[in-house]
1. In the set 18, 48, 37, which member is touching a strand residue (DSSP E or B) at 6+ places or on another chain (Cβ under 9 Å), modelled with pLDDT of 95 or more and in a helix (DSSP H, G or I)?
2. What are the residues in segment 347-381 that are farther than 21 Å from residue 320 by Cβ and assigned to a helix (DSSP H, G or I), if any?
3. Determine whether residue 128 is assigned to a loop (DSSP other than H, G, I, E, B) and under 29 Å from residue 226 (Cβ atoms).
4. Which residue pairs have Cβ atoms closer than 6 Å, lie 6 or more positions apart in sequence or on different chains, and pair a first residue in segment 359-370 that is over 16 Å from residue 315 (Cα atoms) with a second residue that is at pLDDT 95 or above?
5. Please work out which residue is farthest from the ligand (Cβ to nearest atom), limiting yourself to segment 131-159 and to residues that are in a helix (DSSP H, G or I) and in contact with a Ser or Thr (Cβ under 8 Å, 6 or more places away or on another chain).
6. Among the residues of segment 290-311, which ones are crowded, with 16+ Cβ neighbours inside 10 Å, assigned to a loop (DSSP other than H, G, I, E, B) and out of contact with any Gly (no Cβ under 9 Å at 6 or more places or on another chain)?
7. Has segment 282-289 got any residue that is part of a helix (DSSP H, G or I) and within 23 Å of residue 144 (Cα to Cα)?
8. Out of (1) open to solvent by 20 Å² or more (accessible area, probe 1.4 Å); (2) within 22 Å of residue 266 (Cα to Cα); (3) not basic (Lys, Arg), what's the single condition that is false for residue 116?
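The values are calculated or read from the model by the stated rules, or taken from the named source; none is laboratory data. Owing to the predicted nature of the structure, the values given are computational and were not obtained by experimental measurement. A quick note on method: Cβ atoms are made from the backbone with ideal geometry, for glycine too, and the neighbour counts reach across all protein chains shown. With ligands, DNA and RNA removed, areas are computed over all heavy atoms of the protein, side chains included. Shrake-Rupley method; radii C 1.70, N 1.55, O 1.52, S 1.80 Å.
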Amino acid sequence: MKKNYIMAPGPTEVPPVVLAAAALPIIHHRTSEYRQVLKEVSENLKYVFQTKNEVIIFPAAGTGAMEAAVVNLVSPGDKVLVASIGNFGDRWADIAKTYGAVVNLLAFEWGSSADPKKIDQELKKDPSIKAVFTTHSETSTGAANDIKAIGAVIKNYPAVLVVDAVSSLGALEFKMDEWSVDAVAVGSQKGLMIPPGLGFLCMSEKARGLAKNSKTPKYYFSYEKALKKATEDKLPDTPYTSSVSLVMQLKEALRIIKAEGIENVWARHIRLAEAVRTAVKAMGLEIFATGIPNNAVTAVKMPGSLDSAELVKLIRQTYGIFLVGGQGKVKGKIFRIGHLGYAADTDVILAIAAVEMALTKMGHHVELGKGVKAAQEYLMAKE
Ligand SMILES: *Cc1c(COP(=O)(O)O)cnc(C)c1O
């Protein structure tokens, strides 16, 4: 018998009560019963985003929410700055170019974090830049960005700060309003602990100024239309059919986050990530990120000339644990362990144990139990 676990940096495990919520009969989306659900979800999303702004839900992948941010904020010919530290940072540049923006790509080395001073220099050089796009948790490299420091720079300029928080919301500390973030794009299948299929877009007043005047064509992804429907009545509504079952699941997941308390959620992710990093080092392996470590996902360098795709496949086939390899320029060279969302001590211990066994099978010498012991000791010391 094989038991399956998903420890990818998305999709992530879904708690049983959230899974069960998808099995409920469909409520029609134009009923007050459903709009009451939307009201609760809207209030709890604001809590998780740490914002007073309305959070718009688009049935879409996380990339859909990113595209929604671009089409609502950018007009063809606008200058934008993209501070990229990996694959998902580059995605902002691709989407912005697709819609005719003039993209200044400020690319930092993979594994490092964006330097807020460099962003400041670029904005100083060209104050006509309309928007700065960046990533909070760079899932491809296991590094994170200091969004608070970047926000402190950008708030002094007319430009808006647009953040991909797809794999950080509900995992890493994130305070939209306090950190002067103007637009946030999020997906459902990571820290929010629900299946894939929902995209979230939240905008500040400063961003709304741009949204009202953006000339990029859009229909389904119109933020203004969605915001009007969400706020014009006492109960929220949506312009088109809502993803009823996913929203029912979201309601349950947000209740779990609220009951744990968002600060405790952030602290849990730090603790699990530290346990993984401690175990990895104890095994004699190296963490890929050299910048700010990402508490949602850890990227580990493959030892010697071994292929990470092979390791990941072996772990999946033998132990049923789904880890992921590397993307783009680090394909085959790193493997990544997701420890976000519905994740606990036991998940970390299982994943480390499986990595030790699989590396041994591949002929790489690791002392069995060394990483597991380090994780156990760390977790017990931080109980
Ligand atoms: C997963 C992820 C995305 C893309 O989400 P999709 O739902 O696959 O479109 C974007 N950015 C980051 C940082 C991610 O981790």
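1. None of the other options fit; the residue is 48.
2. 370, 373, 374, 376, 377, 378, 379, 380, 381
3. Yes; evaluated as a whole, the condition is true for this residue.
4. 370/282; 370/283
5. Here the residue is 152.
6. Selection gives 295 alone.
7. Within segment 282-289, one or more residues are part of a helix (DSSP H, G or I) and within 23 Å of residue 144 (Cα to Cα).
8. Here residue 116 meets the rest and fails (2).
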